[in-house]
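Trainee: This is the structure I have questions about; it appears just below.
The values are calculated or read from the model by the stated rules, or taken from the named source; none is laboratory data. Keep in mind that this is a model prediction, so the values were computed, not measured. Cβ: placed from backbone, ideal geometry, glycine included. Neighbour counts: every protein chain shown.
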Amino acid sequence: AQSVTQPDIHITVSEGASLELRCNYSYGATPYLFWYVQSPGQGLQLLLKYFSGDTLVQGIKGFEAEFKRSQSSFNLRKPSVHWSDAAEYFCAVPPGGSQGNLIFGKGTKLSVKP
Amino acid sequence: NAGVTQTPKFRVLKTGQSMTLLCAQDMNHEYMYWYRQDPGMGLRLIHYSVGEGTTAKGEVPDGYNVSRLKKQNFLLGLESAAPSQTSVYFCASRWGQANYGYTFGSGTRLTVV
């Protein structure tokens, strides 16, 4: 069965530093991959998605992610973190079939130090 | 354009009580989903619907029922609430197969005491 793993539960970075959040997937074919962000007390917002084509995907809020088939990874990056980026980040992949739902990783909580 | 609206936002129930969570979307989306979010567990799918009048079980359906009598509404029912159902519940919708991007509601925080 398809699955997604986020190895880091909690990451702390300094404001202005670069960020990389890890996501590894298990999928039989070329997957669709997603990153969502959840600010405290809010629902999830789509940051970016990969369907096919260029393996470097640009998203909102200055985020990007790179699909690496050889490593089964879809890591999220940002060159310079802002305090407002403090949130929880979820990687997701569809399990296949017609129901169209997403399987979410357990999330990585990002804290930003001043 | 409201998107996905969940009501109520907060609720405290006593064990054994029943309640219904309402999800309404105004985007004419075909697919709707109910997830629960628990610390360290990510989001887990409870039930989903691929169109008006259809429902199906997800990963953790026990103790919940759903109905989709109108395309814009997806109701999640708890017949006899248990403390294990204390969670934050999220509804999401999307238009169709070709676009997997969900629109999420802002959540319902439910506490069962």
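Trainee: When segment B:58-70 is examined, which residues are found to be among the charged types (D, E, K, R) and at pLDDT below 95?
Mentor: Of the residues in segment B:58-70, the ones among the charged types (D, E, K, R) are B:59, B:62, B:68, B:70.
Once the filter is applied, which keeps residues that are among the charged types (D, E, K, R) and at pLDDT below 95, segment B:58-70 yields only B:Glu59.
Trainee: I'm trying to understand the selection: among the residues of segment A:52-104, which are within 23 Å of B:Pro39 (Cα to Cα), in contact with a strand residue (DSSP E or B) (Cβ under 7 Å, 6 or more places away or on another chain) and small (Gly, Ala, Ser)?
Mentor: Those that are within 23 Å of B:Pro39 (Cα to Cα), in contact with a strand residue (DSSP E or B) (Cβ under 7 Å, 6 or more places away or on another chain) and small (Gly, Ala, Ser): A:Ala86, A:Ala87, A:Ala92.
Trainee: Which of the residues belonging to segment A:67-114 are in contact (Cβ under 8 Å) with a residue 60 or more places away in the chain, farther than 24 Å from B:Met41 by Cβ and among the aromatic types (Phe, Trp, Tyr)?
Mentor: If the condition is that a residue be in contact (Cβ under 8 Å) with a residue 60 or more places away in the chain, farther than 24 Å from B:Met41 by Cβ and among the aromatic types (Phe, Trp, Tyr), then A:Trp83 is the only one that fits.
Trainee: What are the residues in segment B:15-44 that are aliphatic (A, V, I, L, M) and in contact with a Leu (Cβ under 8 Å, 6 or more places away or on another chain), if any? Outline the logic, then answer.
Mentor: As a first pass, look at segment B:15-44 and keep what is aliphatic (A, V, I, L, M): B:19, B:21-22, B:24, B:27, B:32, B:41, B:43.
Within segment B:15-44, B:Met19, B:Leu21, B:Leu22, B:Leu43 meet the criteria.
Trainee: Where residues in segment B:39-84 are closer than 29 Å to A:Asp8 by Cβ and more than 10 Å from chain A (Cβ to nearest Cβ), which of them is surrounded by the most Cβ atoms within 10 Å (Cβ to Cβ)?
Mentor: B:Ile46
Trainee: Related question: Hey, among the residues in segment A:35-61 that are of a type in the set (S, T, N, Q) and closer than 17 Å to B:Cys91 by Cα, which one's farthest from the other protein chains (Cβ to nearest Cβ)? First the steps, then the outcome.
Mentor: Residues of segment A:35-61 of a type in the set (S, T, N, Q): A:38-39, A:42, A:45, A:52, A:55, A:58.
Restricting the remaining residues to those that are closer than 17 Å to B:Cys91 by Cα gives A:38-39, A:42, A:45.
Details: A:Gln38: 8, A:Ser39: 10, A:Gln42: 6, A:Gln45: 7 Å.
Once the filter is applied, the top-ranked residue is A:Ser39.
Trainee: When the residues of segment B:16-31 are filtered to those that are more than 10 Å from chain A (Cβ to nearest Cβ) and either touching a Lys or Arg at 6+ places or on another chain (Cβ under 6 Å) or part of a strand (DSSP E or B) (or both), which remaining residue is farthest from A:Gly100 (Cα to Cα)? Step through it out loud before you land on a result.
Mentor: Restricting attention to segment B:16-31, the residues satisfying the condition of being more than 10 Å from chain A (Cβ to nearest Cβ) are B:16-29.
Keeping just the survivors that are either touching a Lys or Arg at 6+ places or on another chain (Cβ under 6 Å) or part of a strand (DSSP E or B) (or both) gives B:19-25, B:29.
On the way: B:Met19: 27, B:Thr20: 24, B:Leu21: 22, B:Leu22: 21, B:Cys23: 18, B:Ala24: 19, B:Gln25: 17, B:His29: 12 Å.
Ranking the candidates gives B:Met19 first.
Trainee: Within segment A:34-48, restricting attention to residues that are surrounded by 13 or more Cβ atoms within 10 Å (Cβ to Cβ) and at pLDDT below 90, which residue is nearest to the chain's Cα centre (by Cα)?
Mentor: Kept after step one, since they are surrounded by 13 or more Cβ atoms within 10 Å (Cβ to Cβ), are these residues of segment A:34-48: A:34-39, A:42-48.
From what's left, at pLDDT below 90: A:42-43.
Working: A:Gln42: 17, A:Gly43: 15 Å.
The selected residue is A:Gly43.
Trainee: So, one more: Select from segment A:66-91 the residues that are assigned to a strand (DSSP E or B) and over 17 Å from A:Val13 (Cα atoms) and list them in ascending order.
Mentor: Kept after step one, since they are assigned to a strand (DSSP E or B), are these residues of segment A:66-91: A:66-68, A:73-78, A:87-91.
Passing the criteria: A:Glu66, A:Phe67, A:Lys68, A:Ser73, A:Phe74, A:Phe90, A:Cys91.
Trainee: Still on this model: Quick one: is A:Gln58 touching an Asp or Glu at 6+ places or on another chain (Cβ under 7 Å) and not hydrophobic (A, V, I, L, M, F, W, C)?
Mentor: Yes; evaluated as a whole, the condition is true for this residue.
Trainee: Tell me whether segment A:76-95 contains one or more residues that are surrounded by fewer than 19 Cβ atoms within 10 Å (Cβ to Cβ) and under 23 Å from B:Ser49 (Cα atoms). Don't jump to the end; show me each part of the working.
Mentor: Keep residues of segment A:76-95 that are surrounded by fewer than 19 Cβ atoms within 10 Å (Cβ to Cβ), which gives A:77, A:79-80, A:82-84, A:86, A:94-95.
With under 23 Å from B:Ser49 (Cα atoms) added as a condition, the list becomes A:94-95.
Yes, some residue in segment A:76-95 is surrounded by fewer than 19 Cβ atoms within 10 Å (Cβ to Cβ) and under 23 Å from B:Ser49 (Cα atoms).
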